[in-house]
Amino acid sequence: PQKEEVQVTFVRANGERVQSKGKVGDSLLDVVVNNSLDFDGFGACEGTLTCSTCHLILSQADYDKLPDKPSDEELDMLDLAYDLADTSRLGCQICLEKSMNGLEVKVPATVNDARS
Ligand code: FES
């Protein structure tokens, strides 16, 4: 049903805005995959928390609103991410809720695959 749909805008480092839609319960990695968004190297470990390539940067307000704080495992992986910010999260660890409709996240210019 329509109300389960959540709009997410990804903003590339060059400023290009990429609109997409996900469903409640999808991770932001799912949204990228399901919408076939072409972010180079994104989500390389397929959400198994071993690569840091799904790194996204949120606004402070959105970051504070997220229901779950990052786990220690996520924080360890974020330390290896390219262009880390105070409001960085891993896309595979954030699941959409209805309240996140209209969420905007920044996609860093490149990725650092922690496995290599
Ligand atoms: Fe690899 Fe999220 S997809 S850590």
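Only one of A109, A114 is over 25 Å from E5 (Cα atoms) and surrounded by 15 or more Cβ atoms within 10 Å (Cβ to Cβ); which?
Working: A109 fails: surrounded by 15 or more Cβ atoms within 10 Å (Cβ to Cβ).
The unique qualifying residue is A114.
Keeping to the range 84-93, report how many residues are more than 13 Å from the ligand (Cβ to nearest atom) and assigned to a helix (DSSP H, G or I). So that I can check it myself, show each step before the final result.
Just the residues of the range 84-93 that are more than 13 Å from the ligand (Cβ to nearest atom), to begin with: 84-87.
When the remaining residues are screened for being assigned to a helix (DSSP H, G or I), the result is none.
Counting residues in the range 84-93 that are more than 13 Å from the ligand (Cβ to nearest atom) and assigned to a helix (DSSP H, G or I) gives 0.
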Task: Matching residues, the range 12-47, being of a type in the set (S, T, Y) and in contact (Cβ under 8 Å) with a residue 24 or more places away in the chain - done: S27
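Listed residues V32, V6; which is farther than 21 Å from D86 by Cβ, more than 16 Å from the ligand (Cβ to nearest atom) and of a type in the set (A, V, I, L, M, F, W, C)?
Numbers: V32 fails: more than 16 Å from the ligand (Cβ to nearest atom).
So the residue among V32, V6 that is farther than 21 Å from D86 by Cβ, more than 16 Å from the ligand (Cβ to nearest atom) and of a type in the set (A, V, I, L, M, F, W, C) is V6.
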Task: Positions within the range 43-72 being more than 9 Å from the ligand (Cβ to nearest atom) and either exposed (fewer than 13 other Cβ atoms within 10 Å of the Cβ) or of a type in the set (K, R) (or both), in sequence order - done: Q60, A61, D64, K65, P67, D68, K69, S71, D72
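Taking L96 as the residue in question, decide whether it is surrounded by 17 or more Cβ atoms within 10 Å (Cβ to Cβ) and away from the ligand (no atom under 12 Å from the Cβ).
Working: surrounded by 17 or more Cβ atoms within 10 Å (Cβ to Cβ): yes; away from the ligand (no atom under 12 Å from the Cβ): yes.
Spelling it out, L96 is indeed surrounded by 17 or more Cβ atoms within 10 Å (Cβ to Cβ) and away from the ligand (no atom under 12 Å from the Cβ).
Quick one: in the range 73-83, of everything that is in contact with a Ser or Thr (Cβ under 9 Å, 6 or more places away or on another chain) and more than 10 Å from the ligand (Cβ to nearest atom), which residue is farthest from N34 (Cα to Cα)?
Result: D79.
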Open item on the list: Being touching a Leu at 6+ places or on another chain (Cβ under 7 Å), polar (S, T, N, Q) and assigned to a loop (DSSP other than H, G, I, E, B) is the requirement here; does S116 meet it?
Closed with: no
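No value in this document is a laboratory result; all are computed from the given coordinates. Note that this is a predicted model, so its numbers are computed, not measured. Please note: Cβ atoms are built from the backbone with ideal geometry, for glycine as well, and neighbour counts cover all protein chains shown.
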